[in-house]
Amino acid sequence: MKRYLQKLPAELKEIINLAAQVSQDIGMPAYLVGGFLRDLILGVQNFDIDITVEGSGIVFAQALAKRLKSDLRIHERFGTATLTLGNCLKVDVATARLEKYPSCASLPVVSSGSLKEDLRRRDFTINAMAASLVGADEHKLIDPFGGQNDLASGRIRILHDLSFRDDPTRILRAIRFQQRFNFKIEPKTLKLLKQAIEEGLLKKVHSHRMRDELILMLKEIDPSKQMKRLNDLGGLSFLSDKLRFTKSTHDLFKLIDKEIRWFVKNFSSRRKLDSWLIYFMALLKSLNLAQVKIIILKLGLRKGEEKRIINDHQNSHKITLSLSKRGVRPAHIFTLLELLSYEEIILLRASSQVKCLKKYIKDFLEIYNGMRLFVSGHDLHGLGILPGPRYEKIFAQVLVAKLNAEVKTRSQELALIKKLIKS
Ligand code: ATP
């Protein structure tokens, strides 16, 4: 592994060296594992370091955080901890553990274990390798299931026949890694994966776990590839028997890619988009509201996510129609779009090829979005109006005038307010 480690950026090498020192100092063997090691061998950049510790991952993480002066979040229940350094560097530390699944798709019973046991509980051979940070075997690859060979041949392979029954989220994980790396799912693994889907095992998993794995698929570089493969394997049926990834969904995903790039390029100072949600809303387009609501419930989506999905489902058609005409006044554009999230707005733009609609959305984001008045409550008070619902009504009328360029300056705003009071 030495030659792979030498190629790492300096900041990663430094963290790994410090981790090795900590391992030695506290006398707990520590190993590089999981996705970090896989990507290291593949030559893919990965700034999430995965470390497994024989002993206590938490004690190890506390000592490492002290030396790195990093933020530390401890998950006592799972014996894990996460260290964050700056914006994009993360170290996930776990206690080596043994997992037993009492029944299909149940949560495992966990106890601390050896590195061998920890590797045996993992999803695929390519994720079940380790490299010791210290000792006689320092930096030597520990690869009990032939992960390196599978990486070289581009194969996703489970470790034992009951793997998908133990944890059906691995079905989504297998597809995700296969599509991400352009690998193949090894024939026996594929047969067991299809069997697990046919038996409806995905429906048995706790909603939040499915939500998390589905979101990870939609966050991949090409979510369209991910959903197509899941659809082809019959895996979308766990959400709804009516759900399909069709050619038109594929085309819509591609248009969304383009609109997201446009948004990120032009509005980088706005909040970060929940891109996965845009694709998810697009995926649900062909379903009716009742079907969509069942899926939201099945995945235990958060309130904010639910609100955006339902709002899009109920209003996007109406809004598209209203914005597909020439000469819509800015105040009307503002009223239609101000209540939408950026995710819904991007989906609106991707779903329509009408030029003026695209221009209205661009104007909204560039000019009207977040537009403020010069006047305030103090001014209204100064004009003898007592605070109350009338304030909001007056402000709304002034805003409409401002959007339509009928008032521009503070004194024009004040003049309009005086006129409104009189009338
Ligand atoms: P990514 O590159 O997407 O971050 P990763 O392999 O780092 O992928 P994580 O979800 O961060 O994936 O998990 C870290 C490691 O934990 C995996 O490499 C795998 O060994 C193990 N793992 C994660 N989820 C499961 C699971 N459901 N079953 C078994 N092992 C798992």
_23 Å Cα-Cα threshold exceeded, pairs from 194/298; 13/116; 272/307; 362/393; 90/272; 69/116_ = 13/116; 362/393; 69/116
_Unit charges on C-beta of K, R, D, E only; dipole of the chain, Debye_ = 1800 debye
*Sparsely packed GluC sites (Glu not before Pro) within region 84-167, loop by DSSP, other Cβ within 10 Å at most 16*: 138
*Taking the dipole about the Cα centre of the chain, with the C-beta of Lys and Arg at +1 and of Asp and Glu at -1, give me whichever of 163, 5, 416 is farthest to the positive side.*
416
*asked:* To check you understand DSSP bridge types, tell me what percent of the beta bridges within region 1-153 (both residues inside) are antiparallel, rounded to 5.
replied: 80 percent
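Report for the chain the percent antiparallel among DSSP-assigned beta bridges with both residues inside it, nearest 5.
For the chain, the DSSP antiparallel bridge percentage is about 75.
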*Express in nm, to one decimal, how much length is gained between residue 271 and residue 408 on full extension, taking 0.36 nm for each residue of separation and deducting their alpha carbon distance.*
46.5 nm
*Arrange the residues 274, 241 by how much accessible surface each exposes, largest first, with a 1.4 angstrom probe.*
241, 274
*asked:* With +1 on the Cβ of every Lys and Arg and -1 on the Cβ of every Asp and Glu, and nothing else charged, how large is the dipole of region 1-139 about its Cα centre, in debye rounded to the nearest 20?
replied: 80 debye
_What figure, in Å² to the nearest 10, do you get for the accessible area of residue 1 with a 1.4 Å probe and non-protein molecules left out?_
30 Å²
*By per-residue mean of other Cβ atoms within 10 Å, what is the highest-first order of 161-168, 51-58, 266-273?*
51-58, 161-168, 266-273
_With a 1.4 Å probe and all protein chains left in place, how much accessible area per residue does region 127-202 have, in Å²?_
42 Å²
*Of the options 296, 108, 72, report the single residue whose Cα projects farthest towards the positive end of the charge dipole of the chain (beta-carbon charges: Lys, Arg +1; Asp, Glu -1).*
296
*Pull out a ≥ b ≥ c, the square roots of the eigenvalues of the alpha-carbon gyration tensor of region 155-237, then state rounded if a/c is under 1.5, prolate if not and a/b is larger than b/c, and oblate in the remaining case.*
oblate
*Which of 215, 178, 231 sits farthest toward the positive end of the charge dipole of region 155-237, with +1 on the Cβ of Lys and Arg and -1 on the Cβ of Asp and Glu?*
178
*Using DSSP to define loop residues, name the trypsin sites (Lys or Arg not before Pro) in region 311-365 whose beta-carbon has at most 15 other beta-carbon atoms within 10 Å.*
325, 326
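Quick check on the chain: what does the Kirkwood estimate of hydrodynamic radius come out to from the alpha carbon pairs, in Å?
Here the Kirkwood hydrodynamic radius works out to 25.1 Å.
The values are calculated or read from the model by the stated rules, or taken from the named source; none is laboratory data. Being a predicted model, the structure only gives us computed values, none of them experimental. Quick reminder, even Gly has a Cβ in these numbers, built from the backbone with ideal geometry, and neighbours come from all protein chains shown. Note: accessible area is taken over every heavy atom of the protein model, side chains too, but ligands, DNA and RNA are not part of it. Shrake-Rupley method; radii C 1.70, N 1.55, O 1.52, S 1.80 Å.
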